[in-house]
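A.B. asks: Take a look at this one; I'll ask things after.
Each reported figure results from applying straightforward, stated rules to the coordinates on display, with no laboratory input. Note that the coordinates shown come from a computational prediction; the quantities given were computed from them, not determined experimentally. Note that we place each Cβ from the backbone using ideal geometry, even for glycine, and neighbour counts take in every protein chain shown.
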Amino acid sequence: MKSMTGFGRGECINRGTRYAVEIGTVNRRNAELVFNLPRELAGQENILREIIAPSLARGRATVTASVSSGQESRPLLDMALFRRLHREISAVQRDLKISGPPTLSDLVRLYAATSRETSSAPQTDTVALTKAARLAVRSLETMRTKEGTHLARELRRLLASFAAEISAIRRAAPAVAAKHHEAMRARLDALDPSFAADDERLARELALFADRSDITEELSRLESHLKQFGAGLAAKDANGRTLDFLAQEMFRECNTIGAKANSAEVTRRVINAKTELERLREQVQNVE
């Protein structure tokens, strides 16, 4: 089991250039990849997508990348180019008989235009970037698997508590009809002591009540859902959607039992079961 939330980072340095890739994931119903890349790496989105996408079955992943050179200490301005531009502008002014030396603003504008034309954008080292991305995916998977282990342990605990409440409801269910029978007999005896125990009207009323309050089918479906949920916790593939669906179905069956069972004991157990199930549903939202 894997959690949908996690973070991974990978770095690779080659020839003084550092490539870094970070991946952060959060809960989402479907898989979604969002890239936040600098201009020099914008063209590498498809390569990164091919590496990262296979590891995500559900969840929103935000991918950021950066590239930095180890030559930040190099002077920002090429003084030799500035001097050459100054000499050439001065020569042009003398030739055209333009008075006054070249101004700094003139030099800066010409320098900016010249440096843009002569400088070439550094080429991306795809191999280094790919290695950084794979390291980020590996780091992310390690964290998500670790979180998934904690999730599975907590889900098993909550599932056991929920199953205990369902077992208690099953044990209490047969007594509901018996108690209703006794209560009805007591009321009838108070009204008419000669009322026959085998009166057809009493039998019909008890049968109708038993049919309305029968929760056998709901309990059977709940037990089936519990087995499927337990098997899902041990599954190797991403099955968060299946677990979420089973949790919703179990909640629906609990609501039906609460509405049908005319018993304070069953109602109390249903409330306890729904409380545990709500906690379980919250945790399932984090499962991939």
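A.B. asks: Ranked highest first by the average count of other Cβ atoms within 10 Å around their residues, in what order do 89-98, 11-20 fall?
C.D. replies: Working: 89-98: 10.8, 11-20: 15.5.
Going by the mean number of other Cβ atoms within 10 Å, highest first, we get 11-20, 89-98.
A.B. asks: Still on this structure, please answer the following. Tell me which of Gly240, Leu280, Ala264 sits at the most positive position along the dipole axis of segment 215-288, charges placed on C-beta atoms (Lys, Arg +1; Asp, Glu -1).
C.D. replies: With unit charges placed on the Cβ atoms, the residue in question is Ala264.
A.B. asks: Please give the FRET efficiency for Arg18 paired with Arg134, using the beta carbon to beta carbon distance and R0 = 22 Å, rounded to the nearest 0.05.
C.D. replies: The formula returns an efficiency of 0.90 here.
A.B. asks: Still on this structure, I have one more. Can you run phi through the Karplus equation (6.51, -1.76, 1.60; θ = phi - 60°) for segment 270-277 and list ³J(HN,Hα) in whole Hz, with x for Gly and Pro?
C.D. replies: 5, 4, 4, 5, 5, 5, 5, 5
A.B. asks: Another question, then. State the extension gain, in nm to one decimal, for the chain segment bounded by Glu11 and Ala231, taking 0.36 nm per residue of separation less the distance between their alpha-carbons.
C.D. replies: Result for the pair: 75.4 nm of gain on full extension.
A.B. asks: Turning to a different aspect of this structure: Between Thr267 and Glu40, what is the label-to-label distance in nm when each label sits 7 Å out along the Cα-to-Cβ direction?
C.D. replies: 7.1 nm
A.B. asks: While we're on this one: Over what distance in Å are the Cα centres of segment 221-250 and segment 6-70 separated?
C.D. replies: The two parts, judged by their Cα centres, are 32 Å apart.
A.B. asks: Enumerate the calculated ³J(HN,Hα) couplings along segment 218-226 in order (Karplus 6.51 cos²θ - 1.76 cosθ + 1.60, θ = phi - 60°), each rounded to whole Hz, writing x wherever the residue is Gly or Pro.
C.D. replies: With coefficients 6.51, -1.76 and 1.60, one gets 4, 5, 5, 5, 4, 4, 5, 4, 4 Hz.
A.B. asks: What spacing in nm lies between the two simple spin-label points modelled at Arg28 and Ala112, each 7 Å away from Cα in the Cβ direction?
C.D. replies: Taking the two extended label points, one gets 3.9 nm.
A.B. asks: I would also like to ask the following. For Ser105 and Arg84 in one chain, what is 0.36 nm times their gap in residues minus the Cα-Cα distance, to one decimal in nm? Each step should come with its number before you reach the end.
C.D. replies: Values: separation 21, 0.36 × 21 = 7.56 nm, distance 1.55 nm.
Fully extending the segment from Ser105 to Arg84 adds 6.0 nm.
A.B. asks: Further question on the same structure: Under 5 Å between amide hydrogens, which residues at least 5 positions from Arg28 or on another chain qualify, with H placed 1.01 Å from N in the peptide plane?
C.D. replies: Those qualifying (amide H under 5 Å, at least 5 residues apart or on another chain) are Gly59, Arg60.
A.B. asks: What net charge is computed for the residues neighbouring Thr267, neighbours being all others with C-beta under 11 Å from the C-beta of Thr267, Lys and Arg scored +1, Asp and Glu -1?
C.D. replies: Residues near Thr267 contribute +3 overall.
A.B. asks: Relative to the present Cα-Cα distance, how much length would full extension add between Ala168 and Thr142 at 0.36 nm per residue of separation?
C.D. replies: 5.4 nm
A.B. asks: Mind ordering 225-232, 79-86 by average Cβ neighbours within 10 Å, highest first?
C.D. replies: Descending packing order for the listed peptides: 225-232, 79-86.
A.B. asks: Is the shape of segment 79-118 rounded, prolate or oblate, going by the alpha carbon gyration tensor and its root eigenvalues a ≥ b ≥ c, with a/c under 1.5 for rounded and a/b larger than b/c for prolate?
C.D. replies: Numbers: a/c = 2.20, a/b = 1.98, b/c = 1.11.
Prolate, since a/c reaches 1.5 and a/b exceeds b/c.
A.B. asks: How far is it, in nm, from the label point at Val92 to the one at Arg241 when both lie 7 Å from their Cα along the line to the Cβ?
C.D. replies: Label at Val92, label at Arg241, 6.5 nm between them.
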